[in-house]
1. Among the candidates ILE29, ILE35, which residue alone is in a loop (DSSP other than H, G, I, E, B) and either touching a helix residue (DSSP H, G or I) at 6+ places or on another chain (Cβ under 9 Å) or β-branched (Val, Ile, Thr) (or both)?
2. Just give me the residues in the range 46-75 being in contact with a helix residue (DSSP H, G or I) (Cβ under 7 Å, 6 or more places away or on another chain), in a loop (DSSP other than H, G, I, E, B) and either modelled with pLDDT of 95 or more or buried (at least 17 other Cβ atoms within 10 Å of the Cβ) (or both), in sequence order.
3. Just the residues that are of a type outside the set (Ser, Thr, Tyr) and either without any contact (Cβ under 8 Å) to a residue 24 or more places away in the chain or in contact with a His (Cβ under 6 Å, 6 or more places away or on another chain) (or both), please, taken from the range 51-88.
Amino acid sequence: MVTAFLEEDMRKIYYETEYGVITLKLKSILQERKISIYKLSKQTGVKYDILKDYCNNLNTFYSFETLAKICYSLDCGIEDLLEYEKNIPINRY
């Protein structure tokens, strides 16, 4: 069973399963490299709004093509973008 909910203070959608949680670390990578979402959008050809949602972990689906464009543009691997945390206890209230 999969449960989705929005954690208001962090503006992230978590998909809680018995297997854990996967999050995209794009926002922190862009901040570290001092690259704007707008610049990444221009480099990749991916719409700004899509990248903004990726940065805020508001997506429920990630396109392999988009992830590949991001990795290519940032010269990083998929393991640099995705983070898996096993069985995180998440407080919903």
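The values are calculated or read from the model by the stated rules, or taken from the named source; none is laboratory data. All of these numbers come straight from a predicted model, not from anything done at the bench. Cβ coordinates were reconstructed from backbone atoms using ideal geometry, including for glycine residues, and neighbour counts include every protein chain displayed.
1. Just one listed residue meets the conditions, ILE35.
2. VAL46, LYS47
3. LYS52, ASP53, PHE61, PHE64, GLU65, LEU67, ALA68, CYS71, ASP75, GLY77, ILE78, GLU79
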